[in-house]
Structures are given as C-alpha cells and as structure tokens.
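Asker: Here you go, one structure.
What follows is calculated from the coordinates using simple rules that are stated; it is not laboratory data. Owing to the predicted nature of the structure, the values given are computational and were not obtained by experimental measurement. Neighbour counts run over all protein chains shown; Cβ positions are idealised from the backbone, glycine included.
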Amino acid sequence: MTTTLYGLKNCDTCKKAIKWLDRFGVAYTFVDYRDNRQAPEVLKAWAEQAGGWDSLINKSSTTWRQLPENRKAPGSEAEWKLLLKEYPQLIRRPVVVREGDGGTVFSQGFSDNGFKKLFGVDK
C-alpha cells in the first residue's frame with residue numbers, strides 16, 4: 001500500500017503528521033499542494049470522499065476569513081475548483097491518500113488516535 005501525505009510544508013499540523021509517520025516507520029510521500037497544485041479531478045474526488053466541498057475546506061483558517069464574502073459561497077463545482085486552485089491552503093490539512101489492492105483510503109486532518117486507527121498501529 002502506498003501512502004501520500006498532501007499538505008503544506010510550513011503547516012504545524014502537517015509537521016506533526018510527518019513526525020508521527022516517521023516515528024512509526026510508515027513509508028510515505030509528501031506533496032506540498034501549494035507547490036504541486038492538484039488537478040480539478042483530484043479536488044473533486046477529495047471533495048466527494050470528504051463529504052462535499054464544504055467538508056474539504058478549513059473554514060477556521062485566516063485565508064478563509066479574509067476571503068470576500070462573495071467567494072465564500074461558490075455556486076457551482078467549477079467555482080469551488082477555481083477557489084481551491086487559487087487558494088490551495090484552504091484545504092483542511094493534511095490529506096492522506098492510501099492506495100493498494102483493497103482500493104483507496106482517504107483521510108483528512110491529524111490526530112494521534114486517528115492515525116493509529118488509519119495505519120493499524122497498536123502502540
């Protein structure tokens with residue numbers, strides 16, 4: 001199974017997730033999605049797996065709060081994709097995608113217990 005951690009290299013939560021993966025010996029690839037913007041199809045798939053566009057967004061972020069009000073209510077999928085292309089830091093971090101024979105597992109955010117469950121760690 002391959003694991004990809006998507007986030008921002010200067011994000012404290014992403015740094016915690018990376019330290020956790022390193023501590024438990026989980027092999028992963030880190031992708032900074034500000035430097036490597038994700039394709040609109042990928043963003044759509046993430047939104048579907050997160051439970052909708054609203055669930056994919058970190059609405060407590062400074063970036064979200066500073067957006068003009070008319071940008072905070074995208075009326076279409078195309079507008080959501082454009083917003084996230086412009087402001088990838090709006091995506092709740094980190095995004096973890098695990099792919100293997102059993103399919104794809106998607107996860108957002110970081111917590112010690114959440115990662116233990118996701119990666120099957122009993123310690």
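Asker: Among Val42, Val97, Val121, which is under 18 Å from Tyr6 (Cα atoms), in contact (Cβ under 8 Å) with a residue 60 or more places away in the chain and not charged (D, E, K, R)?
Answerer: Numbers: Val42 fails: in contact (Cβ under 8 Å) with a residue 60 or more places away in the chain; Val121 fails: under 18 Å from Tyr6 (Cα atoms).
Residue meeting the stated conditions: Val97.
Asker: Something else now. Scan the helices (runs of 4 or more DSSP H) fully inside the range 36-90 and keep the ones with 1 or more residues being among the aromatic types (Phe, Trp, Tyr) and surrounded by 17 or more Cβ atoms within 10 Å (Cβ to Cβ). Before you say what the answer is, go through the steps one by one.
Answerer: Values: elements: 40-50, 53-56, 62-66, 77-86.
Hits in the range 36-90: 40-50, 53-56, 77-86.
Asker: Gly109 - would you say it is touching a residue at least 40 places away in the same chain (Cβ under 8 Å), closer than 18 Å to Ala47 by Cβ, small (Gly, Ala, Ser) and out of contact with any Asp or Glu (no Cβ under 9 Å at 6 or more places or on another chain)?
Answerer: On the way: touching a residue at least 40 places away in the same chain (Cβ under 8 Å): yes; closer than 18 Å to Ala47 by Cβ: yes; small (Gly, Ala, Ser): yes; out of contact with any Asp or Glu (no Cβ under 9 Å at 6 or more places or on another chain): yes.
Criteria met by Gly109.
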